1. For I59, work out the one condition from (1) without any contact (Cβ under 8 Å) to a residue 40 or more places away in the chain; (2) crowded, with 17+ Cβ neighbours inside 10 Å; (3) more than 29 Å from K161 (Cβ to Cβ); (4) touching a strand residue (DSSP E or B) at 6+ places or on another chain (Cβ under 7 Å) it doesn't fulfil.
2. When the stretch 134-156 is examined, which residues are found to be of a type in the set (K, R) and closer than 14 Å to S109 by Cα?
3. One residue is enough: does the stretch 1-20 have a residue meeting the conditions over 24 Å from G159 (Cβ atoms), modelled with pLDDT under 95 and not hydroxyl-bearing (S, T, Y)?
4. Can you tell which of V63, V57, V86 is of a type in the set (A, V, I, L, M) and farther than 21 Å from G107 by Cβ?
5. For the stretch 35-86: of the residues being β-branched (V, I, T) and part of a loop (DSSP other than H, G, I, E, B), which is nearest to E16 (Cα to Cα)?
6. Show the residue pairs that are 6+ apart or on different chains and have beta-carbon atoms under 6 Å apart, the first residue being within the stretch 112-130 and among the acidic types (D, E), the second being at pLDDT 95 or above and in a loop (DSSP other than H, G, I, E, B).
7. Could you please find all residues in the stretch 107-130 being in a loop (DSSP other than H, G, I, E, B) and under 15 Å from V186 (Cα atoms)?
8. Does the stretch 92-100 contain at least one residue that is assigned to a loop (DSSP other than H, G, I, E, B), in the same structural domain as V63 (by TED's automatic domain parsing) and in contact with a strand residue (DSSP E or B) (Cβ under 7 Å, 6 or more places away or on another chain)?
Amino acid sequence: MEYFVHETAVVDPGCEIGAGTKIWHFSHIMTGCTIGESCNIGQNVVISPQVVLGRNVKIQNNVSVYTGVICEDDVFLGPSAVFTNVINPRSHVNRRAEYAATLVRKGASIGANATIVCGNEIGAYSLIGAGAVVTKPVKAYALVVGNPARQVGWVSEYGHKLNFDHKGLAQCIETGQTYRFENGEVTRIS
């Protein structure tokens, strides 16, 4: 085995798990999910069938990742974050055929206790604040907070707030990378 599973974790047969991945205490990895290389699955995490996690995804304790969720490489899911997969759940109505997809793009971070309502795309390197309730798509590099979540700024790939000048340019204070704001979108240009 090229990955680590704590003795209290349950890994159902039929999962794909990449080399170097670590699965910690009391987590349940369900049949049919795909977990990339070098992921870290914290304590008491549920990964449901058909979930796809890219490389180097970090999932903190008590996170539920339900069917319909795809996380690209380098995604961070904070403690007790939750994904939904049905818009109008009812105990007496089986809606398994109605699961809505949620795509979390490369490098995005979702804060502790955030809820991601299904059917939305979370943009690359965006930062979802702790406790936010995301009810609509989030742009790449966007900083969103609150319930319902609203955008309050932009962040760099290293998670620092970007302050754009009159030319629409900003630099990351940690890396010096330059970003451009144009037509309501942010792109990294160096």
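The values are calculated or read from the model by the stated rules, or taken from the named source; none is laboratory data. Please read all numbers here as calculations on a predicted model, not as lab measurements. All Cβ positions, even for glycine, are placed from backbone atoms using ideal geometry, and neighbour counts span all protein chains on display.
1. (3)
2. Listed by number, the list holds a single entry, K139.
3. Yes, the stretch 1-20 contains at least one residue that is over 24 Å from G159 (Cβ atoms), modelled with pLDDT under 95 and not hydroxyl-bearing (S, T, Y).
4. On inspection, the qualifying residue turns out to be V86.
5. Of everything passing the filter in the stretch 35-86, V51 is nearest to E16 (Cα to Cα).
6. Partner pairs satisfying both residue conditions: E121/P137.
7. G107, A108, G123, A124, Y125, S126
8. No: the stretch 92-100 contains no residue that is assigned to a loop (DSSP other than H, G, I, E, B), in the same structural domain as V63 (by TED's automatic domain parsing) and in contact with a strand residue (DSSP E or B) (Cβ under 7 Å, 6 or more places away or on another chain).
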